[in-house]
1. Computed over the Cα atoms of segment 196-279, what is the convex hull's projected area averaged over all directions, in nm²?
2. Taking the convex hull of the alpha carbon atoms in segment 373-465, what volume per residue do you get, in Å³?
3. Given 20 °C and 1.002 mPa s, compute D for segment 580-651 with the Stokes-Einstein relation, Rh being the Kirkwood radius over Cα pairs; round to the nearest whole µm²/s.
4. Each label point is 7 Å from the Cα along the Cα-to-Cβ direction; what then is the distance between the points at residue 654 and residue 639, in nm?
5. What is the helix-to-structure angle for 327-341, meaning the angle in degrees between its Cα long axis and the longest Cα principal axis of the chain, kept from 0 to 90 and rounded to the nearest 10?
6. On the first, second and third principal axes, largest extent first, how far apart are the outermost C-alpha atoms of segment 262-347 in Å?
7. Tell me the angle of helix 32-48 to the major Cα principal axis of the chain, expressed in degrees between 0 and 90 and rounded to the nearest ten.
8. Report the full-extension gain for the segment residue 136 to residue 157: residue separation times 0.36 nm, less the Cα-Cα distance, to one decimal in nm.
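The values are calculated or read from the model by the stated rules, or taken from the named source; none is laboratory data. Fair warning: this is a prediction, and the values are worked out from it, not measured in the lab. All Cβ positions, even for glycine, are placed from backbone atoms using ideal geometry, and neighbour counts span all protein chains on display. Just the protein is used for accessible areas: all its heavy atoms, side chains included, with ligands, DNA and RNA removed. Shrake-Rupley method; radii C 1.70, N 1.55, O 1.52, S 1.80 Å.
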Amino acid sequence: MKVYTPKNIPFWIICCAFTLGIFGSQYFTKLQNIALFLCCFSLVLLYLFFKRISTTYFLSISSLLFICLGYTRHQIAHTKYQKNHIVHFFNSKPLNEVVFKIEKKLKPSDKFLKFKVNIYAIDKQKTTGNALLSLKKTAYKSSLHKGDYFVCYTKLFPLQEQHSPYSFDYATHLKNQQITHQFYLKTTDLKQIESLANPFEKLSNTLKKHLEINLQKQNLPPNVIQFTAALVLGSKSELDPQLNTDFANAGVIHILAISGLHMGILYLLIALVFRQFWINTLLKSLLIIACLWLFTWFSGASPSAIRATTMFSCFEFSRLLMRRQHPLNSLFVSVFILLLFDPYILFSVGFQLSVIAVTSIIIGVPKLLLLWSPKNWLIRKIWEITCISTCAQLGLLPLSIYYFHQFPGLFLLANIPIMLIITIVLLSAIVIIIWSGLSTTPFFITESYNYLITNIHNYIHWVAQQKHFLVTDLYIQPITMLTIYIIIAFLLYIYSKPKLFYQWGFLIILIGISVIFYEKFQSLFINELWLHHHYTNTIITEISSHQLTVHSKKALTKNDKKYIIYPIEKSLHLVTNYNKLQNSYTYHKHQIHIIDHKNSLPKSIQNTILIITNSPKINLERLLCKETPKLIIATNHNYKNLIQKWKATCAWHQVAFYDSSQKGSLNLATKLLNL
């Protein structure tokens, strides 16, 4: 009977169990005592039966232990266990003195520049926590860099729920980055505090500003400057949206993000440079790792860059210890270390894409390379790039469809030429930035670099314009995505053991067919009525068997259809009907009345649902003295002072009240069941 010992436990089991525990903690938040009990229980079992336990039981108990550890680690990181966190701060003052540090720049909106900031103190009281700073573009005159400290007088507000069903939830996305509050400012409201800034971050910011300013002085087009800054400095927020869209549609968006590709090239270049020096092997490895981490920190420390740098650090340490390890070990060790330090990084889309892509390449590429081994150098390189791109795209396919709802059919056509010259491009970008920071770059160098990057942009734009090969409007449910990955893992597992297909193939095929039927016919079991969060329009959608009925007060814009209607329609495979919003509806024997400044009140509001919009002149106190509705909903088209007044009135009369400006979209069907 084979017995596992700590030195030969497959590390991927430990990492996957720890990850599963973090996921469980995200969705099941009240099992702390059970998790602690199981953790202690599994430790006792391992201690008592360590020498007599079988392989299966040893792995099962170890997996249970790390699931509980993952659950506990995520719970420890939760805001409710941090006494000084801003979620526990309450102050009745209209304005507070807030000191904060810039963490990173986020994707801007049409009117605001957005930053993730770390709250340092509120009214001289030391606090912790992250918030979203929205800065008006019209008032934005100076640069805000990572590590800068500012003081302002403002009020922090909890994140507003703006969830639209079956679509991307921005509030949840921010909460997964541990952002719990938000506030709005103008540049004139900010005062920088130089004394609080970290000296190393000040040096980094000064150097980065110097490089960015000098890069802009070069005789280069704006797109080339933005591309270079994204490639080397990690400044993706300044990229032209059209350029970003072209790279995404062509399937080469990974070029713009500092990830494993960039870190791998830098690792090989730095290692090549240090091999020329006769220095101690340990010192050489430490210098290589230090250079990689220095670049990662300087470029903004994105989740994909941190994952890649941690992986190459593990690889370098294993090489230093003269231990040959499978690349998957380095990957899973790096993932485990990162999750141990920051469990919330698991919910970063960039981190998920990075890990899945690298896992697919490590597992799939060796199998494909065995199929053909051309002797010609160029053909061999093209074949290797084809294998790498194919494995990465197939591995990312379910995740890409789930998050981005599209698949670039010409990804090989875009990737092969780019990957052949990516080392030259990255080296050239580094040389241009360093040279421009020291002095004026020679004309022939900037012209050559401009010619190279411009042709790359033109080629990517041409590939992106082949719309017939870009498959869009693809929507799948989380259960479908998980099932696809299980099927892919099964197919890879039976690659060298075809007999297993006859044993388990029927079950896997049955599961696949069941998921297809679930995707196609899930709307048969759904009956929902949604009042959507919208700033200028009142929209109600009714979801029933194979049909979506949209009731809208105003004509729907393209963005309304793209972000509100299409996600429901495509996710549930529905037929959509559009209707004008009426004043009254009957839904499953429930009466719904919409009251605005033009509509008159119905004859009776007893046991009805009132939706109040556009700040009508009604005396709610008088109405509730006569009759009692089931629910009153105030949309965000009302004045805030009126909403607060109505809320207080409903609380006094014990009538259910819902503020959509604070809580977002509402499923009326579910709400009615709970009343």
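1. Details: hull surface 33.1 nm².
For the Cα atoms of segment 196-279, the hull's average projected area reads 8.3 nm².
2. On the way: hull volume 12.4 nm³, N = 93.
Per residue, the Cα convex hull of segment 373-465 comes to 134 Å³.
3. Working: Rh = 12.5 Å.
Answer, rounded: 172 µm²/s.
4. Label at residue 654, label at residue 639, 3.1 nm between them.
5. On a 0 to 90 degree scale, this one is about 40.
6. 43, 29, 18
7. That helix lies at roughly 30 degrees to the long axis.
8. Numbers: separation 21, 0.36 × 21 = 7.56 nm, distance 1.72 nm.
Gain on stretching residue 136 to residue 157: 5.8 nm.
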